[in-house]
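Have a look at the structure below, then the notes.
Just so you know, all these numbers are worked out from the coordinates, no wet-lab data involved. Bear in mind that the values here come from a model prediction, so they are computed numbers and not experimental data. For neighbour counting, all protein chains shown are included, and Cβ atoms are generated from backbone atoms with ideal geometry for every residue, glycine included.
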Amino acid sequence: MAKDNRDLLEVLKFELEFLEQGGYGRLPREAWRSRLIFEDSPTCPNFNSRDQVPCDECVLAPLFPEQAREENVPCDHIPITLAGDTLESLYRTGTQREIEDVLGAWLRKTIKRLEAERARGVAQKPA
């Protein structure tokens, strides 16, 4: 499969809408586990797919920290707070609600930044 050519800004807007619409709520068939941010949403190219796309081909790849690019789930290592918290660290310390609140704030901030960069004609850069 070719590199994910979706627009990062549009994907992040969709992710925010997915989050706000309760997309990470527990599914009846999987009530035993919390949903995983990005992996359990249509943002992930492997969501509901039999073909496994390498993570480095994901639209979120520009946001992956360099040191996390070889991790099994590099999107779990994107810093989403000013303190550098990542999904991986929040999974160990936060509730699902807390994680979703932090994610929502990060998405809004990142979307606003990308929109401002585009308005100024600046190329997209990782967060």
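Summing Cβ point charges (Lys, Arg +1; Asp, Glu -1) relative to the Cα centre of the chain gives a dipole of roughly 300 debye.
Checking the a/c ratio against 1.5 first, then a/b against b/c, what shape does the Cα gyration tensor give for region 53-127?
On the way: a/c = 2.31, a/b = 1.23, b/c = 1.87.
In terms of gyration-tensor shape, oblate.
Given the choices (1) 14.4, 46; (2) 25.1, 93; (3) 15.7, 52, Rg and Dmax of the Cα atoms in Å derived from the coordinates of this structure is entry (1).
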